[in-house]
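S.K.: Sharing a structure below in structure tokens format, with a few things to ask.
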Amino acid sequence: MTYTIPNILSISRLALVPVLVALAYFGEAQAFLAVLAVSLLSDAFDGYIARKLNQTTELGARLDSWGDVLTYGAMILGLYWVWPEVFDAQVWFLVAATLSFVVPVLAALMKFGVYPSYHTWAAKTAAVLMAPAFYWLTLGAEEGFFQAVIVFHIIVACEELAITLVLDEPRADVRSVFSLSSIAKSDDKQR
């Protein structure tokens, strides 16, 4: 494994997942939110740093994707253990969010045999929006924004399904379903 700054950030985010789970289990709301903030900030910077330092790799994309899914899982556990009334009120949106992750992943696993790491612009936008939506939801300020972000995640899932259907082989860092024609042209030139 190459120990680049972006990969170290992604590995650190993976290491924070058990900390988040433990904090949620013990009902440490403030500590959970603080550690989650560190995790989400590292997620915001790993890809940016990778691009700026020209250190983007397939491994880095996969580490980032695993960090995303495990952090989101910890966030759901946090709602369940720390804010059970919020969890109960949002359970159907949480089910929808979970399915919007699981269905595209299963489709890519069935077609390619690997976990997808598309990192589309829409997925990046949804991830950025999830942070304030989660904090507003847990701090009791607003549920409508959280619900709108979940709906956006469902749209992102549809795009990821379309990408999986169109691609002939797995690929990381696809900007959008609309960029696939330029990817195909690039692949044809390389052949």
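The values are calculated or read from the model by the stated rules, or taken from the named source; none is laboratory data. Not measured: the values here are computed from a predicted model. Don't worry about glycine lacking a Cβ; one is built from the backbone with ideal geometry, like all the others, and counts go over all protein chains shown.
S.K.: Which of the residues that make up region 157-191 are farther than 16 Å from TRP121 by Cβ, modelled with pLDDT of 60 or more and assigned to a loop (DSSP other than H, G, I, E, B)?
M.R.: LEU167, ASP168, GLU169, PRO170
S.K.: What number of residues within region 129-170 are among the polar types (S, T, N, Q) and farther than 21 Å from PHE32 by Cα?
M.R.: We begin by selecting, within region 129-170, every residue among the polar types (S, T, N, Q); these are 138, 147, 164.
Restricting the remaining residues to those that are farther than 21 Å from PHE32 by Cα gives 147, 164.
Result for region 129-170: 2.
S.K.: In addition: Test ALA34 against the criterion of being free of Cβ contacts under 8 Å to residues at least 40 places away in the same chain and under 18 Å from TRP136 (Cβ atoms), and give yes or no.
M.R.: Values: free of Cβ contacts under 8 Å to residues at least 40 places away in the same chain: yes; under 18 Å from TRP136 (Cβ atoms): yes.
For ALA34, the condition - free of Cβ contacts under 8 Å to residues at least 40 places away in the same chain and under 18 Å from TRP136 (Cβ atoms) - is met.
S.K.: Among the listed residues SER117, SER100, SER176, SER181, which satisfies the condition of being outside the structural domain of ASP43 (by TED's automatic domain parsing), polar (S, T, N, Q), free of Cβ contacts under 8 Å to residues at least 60 places away in the same chain and over 23 Å from ASP43 (Cα atoms)? Lay out the reasoning, then the answer.
M.R.: Values: SER117 fails: over 23 Å from ASP43 (Cα atoms); SER100 fails: over 23 Å from ASP43 (Cα atoms); SER176 fails: over 23 Å from ASP43 (Cα atoms).
Just a single option satisfies the conditions, and that option is SER181.
S.K.: Is it the case, given these coordinates, that ASP43 is of a type in the set (D, E, K, R), outside the structural domain of TRP136 (by TED's automatic domain parsing) and within 19 Å of PRO132 (Cα to Cα)? Lay out the reasoning, then the answer.
M.R.: Values: of a type in the set (D, E, K, R): yes; outside the structural domain of TRP136 (by TED's automatic domain parsing): yes; within 19 Å of PRO132 (Cα to Cα): yes.
The answer is yes for ASP43.
S.K.: Further, regarding this structure: Give region 41-93 a look and list any residue that's without any contact (Cβ under 8 Å) to a residue 24 or more places away in the chain and either in a helix (DSSP H, G or I) or touching a Ser or Thr at 6+ places or on another chain (Cβ under 7 Å) (or both), or say none.
M.R.: Taking region 41-93 and keeping what is without any contact (Cβ under 8 Å) to a residue 24 or more places away in the chain, we get 41, 48, 51-52, 54, 76, 84-85, 87-88, 91-92.
LEU41, TYR48, ARG51, LYS52, ILE76, PRO84, GLU85, PHE87, ASP88, VAL91, TRP92 - these are the residues of region 41-93 that are without any contact (Cβ under 8 Å) to a residue 24 or more places away in the chain and either in a helix (DSSP H, G or I) or touching a Ser or Thr at 6+ places or on another chain (Cβ under 7 Å) (or both).
S.K.: Residues of region 36-81 being more than 14 Å from the chain's Cα centre (by Cα) and surrounded by 20 or more Cβ atoms within 10 Å (Cβ to Cβ), which ones?
M.R.: Initial filter on region 36-81 (more than 14 Å from the chain's Cα centre (by Cα)): 37-38, 48-59, 77-81.
Scanning region 36-81 gives ALA50, GLY78, LEU79.
S.K.: Further question on the same structure: Assess whether PHE145 counts as being closer than 29 Å to ASP168 by Cβ, more than 12 Å from the chain's Cα centre (by Cα) and aromatic (Phe, Trp, Tyr).
M.R.: Values: closer than 29 Å to ASP168 by Cβ: no; more than 12 Å from the chain's Cα centre (by Cα): yes; aromatic (Phe, Trp, Tyr): yes.
Spelling it out, it is not the case that PHE145 is closer than 29 Å to ASP168 by Cβ, more than 12 Å from the chain's Cα centre (by Cα) and aromatic (Phe, Trp, Tyr).
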